[in-house]
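Enquirer: I'd like to ask some things about the structure below.
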Amino acid sequence: MPGLKPFSRPLRTTQLFRPQVRLYASTKQDNRKSPFSRQEIEDDTTQDFRPPWVYRASGFLIYTTIPIAILYCVLVADYGDREHVFSPIRRWAQRHKESFLSLTPEETALAQREAATNAVTSGKEAS
């Protein structure tokens with residue numbers, strides 16, 4: 001066919017089906033007013049009456065209340081005297097709590113010696 005030049009490289013399928021010109025949405029506001037426009041209604045509903053601290057407080061409460069509720073259900077809630085799914089975790093937590101709140105034998109001996117010395121010194125001061 002005269003007048004048609006052959007392509008120097010073959011076309012890819014994306015080049016065949018994709019338009020050469022890309023159309024982008026306009027960023028300008030449409031200032032035209034129509035009787036059916038919802039612009040006044042949208043302007044009233046897009047403004048929130050709550051102050052910004054409400055959103056920060058609700059986010060903080062969500063991230064703190066949910067883990068606290070889960071820990072309460074696992075470690076504290078009463079499921080009766082029978083064995084249940086949280087019993088091993090509760091026994092583990094109870095052992096660690098007791099080890100944290102109790103004294104080692106060395107600390108107990110030290111506390112008894114200090115109590116005995118305090119009793120002797122307070123008896124000498126009284127007489």
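Enquirer: When you look at residue 37, is it at pLDDT 90 or above, over 19 Å from the mean Cα position of the chain (by Cα) and of a type in the set (Ser, Thr, Tyr), yes or no? Don't jump to the end; show me each part of the working.
Expert: Numbers: at pLDDT 90 or above: no; over 19 Å from the mean Cα position of the chain (by Cα): yes; of a type in the set (Ser, Thr, Tyr): yes.
Considered against the rule, which asks whether it is at pLDDT 90 or above, over 19 Å from the mean Cα position of the chain (by Cα) and of a type in the set (Ser, Thr, Tyr), residue 37 comes out as no.
Enquirer: Only residues that are modelled with pLDDT of 90 or more, aliphatic (A, V, I, L, M) and loosely packed, with under 11 Cβ neighbours inside 10 Å: list them for the stretch 83-110, please.
Expert: 85, the sole residue that qualifies.
The values are calculated or read from the model by the stated rules, or taken from the named source; none is laboratory data. Nothing here was measured: the structure is a model prediction, and the numbers come from that model. Virtual Cβ from ideal backbone geometry, glycine too; neighbours counted across all protein chains shown.
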